[in-house]
Amino acid sequence: MHTVFDLGAYAVHVGDLSFGFPAWLRERDCSQVFVVADENTARHCLPLFLEKTAPLTPHPSPLTPHPSPLTPHSSLLTPGERHKTLATCERLWQQMLDARLDRRALVINLGGGVVGDLGGFCAATWKRGVDFVQVPTTLLAMTDAAIGGKLGVDFQGVKNAVGVFQNPAAVFVDPHFLQTLPERELRSGLAEVIKHALIGDPDLLALIESSQNLVQREAMLPAFWHHVLCASIAVKARVVMEDPREQGLRMLLNYGHTVGHAVESYFLKTPFPLAHGEAVALGMICESWLARTVVPNGHNRLARVIGAVSGTFLHQPVPEAAFAEIWAMMQQDKKNAAAAVRAAVPGGEPFEMQVLELTEGAVTDCLRFYNDLG
Ligand SMILES: NC(=O)c1ccc[n+]([C@@H]2O[C@H](COP(=O)([O-])OP(=O)(O)OC[C@H]3O[C@@H](n4cnc5c(N)ncnc54)[C@H](O)[C@@H]3O)[C@@H](O)[C@H]2O)c1
Ligand SMILES: [Zn+2]
């Protein structure tokens, strides 16, 4: 099974890495390969990556008519959102400098969304930009973060405050990497799959609703994941191709994130940080509640979102004392035109978007609605 999504500037390959990647690399004229991983992906994914891609041999060029296999340099990041910062970028740029990475180097980001966003940002800015490949290893990164060319880091506690748009040279999604992913992370990724289903694929939503225990290991047959990943990636690919720079429809991918990002930022400072997808799941419930009287069949939509989310995520109450801070975070949100806080939610038909303007009172009410579900 090998499916290729052509996004114009680059392709997303879904399937065993050993089919797609070595052949792709042989067509390229690159001088060095630099793998960015975190401690977990270095342990669980790097050996498999090297086994599936060996020997890494680039395309012959006039400068190197008989290229020898590349020995990858690698960088090891401390895992976690807390480390998605400029300080980590500085360490990575230092390692790039130490490895004498030139303009013809290829950076391979082997990891979840943190490695992809940060490693991509460092590659896109290194010597004004070197090529990079996303090899996502979490469900969240496979279905969402690795696709669409948004890169960056958090700054002063504000998620993704510093970043750029830059497309990868390619994306390779190999579901084998999911085998070592902790269950909590697998669930986290499902939030984005549910989001894509709600945005544009009613059949995928029905599949999720009818699948009990979607994240149980025995349900994780490669063919099943291949199907779910392709359906989910197809939604993301269609949206980013239509609106690469987030001038319109791409805002819809932020469904659940206006409230979700702010709640995620709040919990990041507590001893109990939420996984990104857990915050997005909570955010989708809150925003669907806010939209219930605005979008066609809004009450039915809200019930389906609660059903899909509560089958996968534990309820996570948000302290009332945090509401003001969460509202302040939302005012930082990049989607806001002038002073208004806006949230994009799916409309009545697939790929339809409705934009809501939020007030502090409405946000308080939706968080209370969410808390009362517990
Ligand atoms: N660029 C975008 O368009 C976009 C879209 C969505 C999310 N994001 C970003 O993605 C990030 C979240 O990504 P994430 O959920 O992948 O988090 P993550 O990168 O922190 O990975 C989660 C954890 O799983 C570990 N891990 C990764 N792959 C593993 C594997 N195969 N086996 C065992 N452990 C593994 C990691 O080391 C980490 O501890 C957030 O920073 C979010 O802002 C970006
Ligand atoms: Zn997300």
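Points worth noting:
- Within segment 350-364, being assigned to a helix (DSSP H, G or I) and out of contact with any helix residue (DSSP H, G or I) (no Cβ under 8 Å at 6 or more places or on another chain) holds for one residue alone: GLY361.
- Sole exception among (1) of a type in the set (A, V, I, L, M, F, W, C); (2) surrounded by fewer than 17 Cβ atoms within 10 Å (Cβ to Cβ); (3) under 23 Å from the mean Cα position of the chain (by Cα) for ALA328, by number: (3)
- Every test in (1) within 16 Å of ligand 2 (Cβ to nearest atom); (2) part of a helix (DSSP H, G or I); (3) buried (at least 23 other Cβ atoms within 10 Å of the Cβ) is passed by ILE147 save one, and that test is (2).
- Here ALA123 passes the criteria (1) away from ligand 1 (no atom under 12 Å from the Cβ); (2) touching a helix residue (DSSP H, G or I) at 6+ places or on another chain (Cβ under 8 Å) except the one numbered (2).
- From ALA234, ALA308, ALA223, residue being at pLDDT 95 or above and either over 15 Å from the mean Cα position of the chain (by Cα) or surrounded by 16 or more Cβ atoms within 10 Å (Cβ to Cβ) (or both): ALA234
- A count restricted to segment 7-44 and to residues that are more than 27 Å from PRO182 (Cβ to Cβ) and charged (D, E, K, R) stands at 4.
- Residue that is out of contact with any strand residue (DSSP E or B) (no Cβ under 6 Å at 6 or more places or on another chain) and part of a strand (DSSP E or B), where the choices are LYS127, LYS159: LYS159
- Restricting the first member to segment 139-165 and to residues that are at positive phi, and the second to residues that are within 12 Å of ligand 2 (Cβ to nearest atom) and among the acidic types (Asp, Glu), the beta-carbon pairs closer than 6 Å and six or more apart or on different chains are GLY152/ASP117.
- Counted residues, segment 90-135 - those being away from ligand 2 (no atom under 16 Å from the Cβ), within 22 Å of the chain's Cα centre (by Cα) and aliphatic (A, V, I, L, M): 10
- Some residue of segment 90-112 being buried (at least 23 other Cβ atoms within 10 Å of the Cβ), at pLDDT 85 or above, over 16 Å from VAL33 (Cα atoms) and not polar (S, T, N, Q): yes
- Pick from segment 223-252, criterion touching a Lys or Arg at 6+ places or on another chain (Cβ under 7 Å) and either under 29 Å from ASP16 (Cα atoms) or outside any helix (DSSP H, G or I) (or both), ranking: farthest from ligand 2 (Cβ to nearest atom): ASP243
- Filter result for GLY277 (buried (at least 17 other Cβ atoms within 10 Å of the Cβ), without any contact (Cβ under 8 Å) to a residue 60 or more places away in the chain and closer than 22 Å to GLY113 by Cβ): no
The values are calculated or read from the model by the stated rules, or taken from the named source; none is laboratory data. Remember, it's a predicted structure, so these values are computed and weren't measured experimentally. Here the Cβ is made from the backbone with ideal geometry for all residues, glycine too, and neighbour counts use every protein chain on show.
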